[in-house]
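A quick write-up on the structure given underneath.
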Amino acid sequence: MDASATLARLQRIAEDCDAAFSDERLNRLKSSTTAGDTGSTFAGIRTLLGMPYQEGLAGVDIALIGVPTDSGVTNRSGARFGPTAVRQISSVVGGPLHHVSRIVPQDLCRIADCGDVAIEQLYELGAAIAEIRAFYERVKDAGVTPISVGGDHSISYPILQALGRDEPLGLVHIDAHCDTCGALGGSKFHHGGPFRNAALAGALDPERTIQIGIRGRAEPYWDFSYRSGMTVLHIEECRQLGMERLVDRVRQVVGDGPTYLSIDVDGIDPAYAPGTGTPETGGFRPDEVQAIVRALRGCKLVGADVVELAPPYDNASQTTALVAATMMWEALCVIADSLHGAGR
């Protein structure tokens, strides 16, 4: 083929690509994000994963929600700024198309950033937990599936209370810590105990709970996990299993029942996610956590959270915020697909 024929062929390809990129479906998806038709990564109001912002839950299938509180931390504070950091980095994260699964969440569900939980009694932990639970009770009553960003891990307890009020939930929990400790400093409400609290409240089924990537010096605190029947996989066991057998184990434990996904960014090695209050060396790589979340496609996921992002300890490139936002995007894709498959 001579040079002129090659250039003509490439021109036709370019024109076809431009036509496909400008089709009605893609334009609709672009215009539904806060960046609008410009596709700008630096203009517009910042929202979670670039989704439209709305007050209230009307007409929404999946609500992206911030829970900006870190009054339950036992080490470094700062996770209260997590939702803001994820909104800031969201312009370079996500869709509209997932490059592996080919899922386009907005083709399947109505999705919105529904703002932050307004917590009036931030420094009274029991009262704050009750406020968070009341918010998510309204989410459940509206038939909306929440994907939340914290905030410290104590927020998972009231969310599970609300979502698991009718039936105990299974749990896929990616973390360095089991978070099943008893009272600390006179309070059972802290980021080291949400899943013990949820199990004791009847919202979480220990037999359908799997905790993945566990490691570090807090090991003596996790006796409740072992004795209650939770499946605990330390990071070394995860490595020995390999990713294929690990995800098989996850699906085996949670089964076909309603399941919640909780991702603590300290489950990821601090080389990739330094911005967290309780870093533990030797964790997952981000792509390994992505593989676990993607493997949940087809599970009955009723919600998810990404927690413990503490921007004050992140690097200048916002690496941890990028990781957290990416995990939210991965969760959004599998949950949107799950809802679509359920006939929503």
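Yes/no matrix, rows are residues, columns are (1) free of Cβ contacts under 8 Å to residues at least 40 places away in the same chain; (2) touching a strand residue (DSSP E or B) at 6+ places or on another chain (Cβ under 7 Å); (3) among the basic types (K, R); (4) closer than 20 Å to A63 by Cβ:
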| residue | (1), (2), (3), (4) |
| --- | --- |
| V100 | no, no, no, no |
| I103 | no, no, no, yes |
| Y157 | no, no, no, yes |
| L160 | no, yes, no, yes |
| I174 | no, yes, no, no |
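Among G170, G151, which is among the small types (G, A, S), at pLDDT below 95 and assigned by TED's automatic domain parsing to the domain that holds E55?
Only one candidate qualifies: G151.
A quick yes/no check of all residues on (1) surrounded by fewer than 22 Cβ atoms within 10 Å (Cβ to Cβ); (2) without any contact (Cβ under 8 Å) to a residue 60 or more places away in the chain:
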{"site": "I147", "(1), (2)": "no, no"}
{"site": "H177", "(1), (2)": "no, no"}
{"site": "A183", "(1), (2)": "yes, yes"}
{"site": "G192", "(1), (2)": "no, no"}
{"site": "R196", "(1), (2)": "no, yes"}
{"site": "Y221", "(1), (2)": "yes, yes"}
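Could we say that T276 is crowded, with 23+ Cβ neighbours inside 10 Å and of a type in the set (S, T, N, Q) here?
Considered against the rule, which asks whether it is crowded, with 23+ Cβ neighbours inside 10 Å and of a type in the set (S, T, N, Q), T276 comes out as yes.
Every residue in the range 81-133 that is among the aliphatic types (A, V, I, L, M) and either in a helix (DSSP H, G or I) or outside the structural domain of I65 (by TED's automatic domain parsing) (or both), please. Don't jump to the end; show me each part of the working.
Taking the range 81-133 and keeping what is among the aliphatic types (A, V, I, L, M), we get 85-86, 89, 92-93, 97, 100, 103-104, 108, 111-112, 117-119, 122, 125, 127-130, 132.
Once the filter is applied, which keeps residues that are among the aliphatic types (A, V, I, L, M) and either in a helix (DSSP H, G or I) or outside the structural domain of I65 (by TED's automatic domain parsing) (or both), the range 81-133 yields A85, V86, I89, V92, L108, L125, A127, A128, I129, A130, I132.
With the condition kept exactly as written, say whether any residue in the range 58-80 is touching a residue at least 12 places away in the same chain (Cβ under 8 Å), assigned by TED's automatic domain parsing to the domain that holds D314, assigned to a helix (DSSP H, G or I) and more than 15 Å from the chain's Cα centre (by Cα).
Yes - at least one qualifying residue is present in the range 58-80.
Answer with yes or no whether I268 is at negative phi, among the hydrophobic types (A, V, I, L, M, F, W, C), in contact with an Asp or Glu (Cβ under 7 Å, 6 or more places away or on another chain) and surrounded by 15 or more Cβ atoms within 10 Å (Cβ to Cβ).
Considered against the rule, which asks whether it is at negative phi, among the hydrophobic types (A, V, I, L, M, F, W, C), in contact with an Asp or Glu (Cβ under 7 Å, 6 or more places away or on another chain) and surrounded by 15 or more Cβ atoms within 10 Å (Cβ to Cβ), I268 comes out as no.
(1) under 25 Å from L184 (Cα atoms); (2) in contact with an Asp or Glu (Cβ under 7 Å, 6 or more places away or on another chain): which one isn't true of G283, the others all being true?
With (1) under 25 Å from L184 (Cα atoms); (2) in contact with an Asp or Glu (Cβ under 7 Å, 6 or more places away or on another chain) applied to G283, the lone miss is (1).
Of the conditions (1) over 22 Å from T276 (Cα atoms); (2) surrounded by fewer than 24 Cβ atoms within 10 Å (Cβ to Cβ); (3) touching a residue at least 40 places away in the same chain (Cβ under 8 Å), A130 fails just one. Which one is it?
(3)
Any idea which residue in the range 92-119 is farthest from V149 (Cα to Cα), counting only those that are of a type in the set (V, I, T) and surrounded by fewer than 16 Cβ atoms within 10 Å (Cβ to Cβ)?
By that ranking, first place goes to V100.
Go through the range 112-127 and report how many residues are under 26 Å from V334 (Cα atoms) and either charged (D, E, K, R) or without any contact (Cβ under 8 Å) to a residue 40 or more places away in the chain (or both). Write out each step before concluding.
Initial filter on the range 112-127 (under 26 Å from V334 (Cα atoms)): 112-117.
The next check asks that each one be either charged (D, E, K, R) or without any contact (Cβ under 8 Å) to a residue 40 or more places away in the chain (or both); those that pass are 113, 116.
Summing the residues that are under 26 Å from V334 (Cα atoms) and either charged (D, E, K, R) or without any contact (Cβ under 8 Å) to a residue 40 or more places away in the chain (or both) in the range 112-127 gives 2.
Please enumerate the residues belonging to the range 164-205 that are within 19 Å of the chain's Cα centre (by Cα) and of a type in the set (F, W, Y).
Result: F195, single match.
Failed condition for D166, given (1) part of a loop (DSSP other than H, G, I, E, B); (2) touching a residue at least 12 places away in the same chain (Cβ under 8 Å), with all others met?
Here D166 clears every test but (2).
So Q11 clears everything in (1) at pLDDT below 90; (2) among the polar types (S, T, N, Q); (3) surrounded by fewer than 16 Cβ atoms within 10 Å (Cβ to Cβ) except one condition, right? Which one?
In the conditions (1) at pLDDT below 90; (2) among the polar types (S, T, N, Q); (3) surrounded by fewer than 16 Cβ atoms within 10 Å (Cβ to Cβ), Q11 misses (1) alone.
The values are calculated or read from the model by the stated rules, or taken from the named source; none is laboratory data. Not measured: the values here are computed from a predicted model. Quick reminder, even Gly has a Cβ in these numbers, built from the backbone with ideal geometry, and neighbours come from all protein chains shown.
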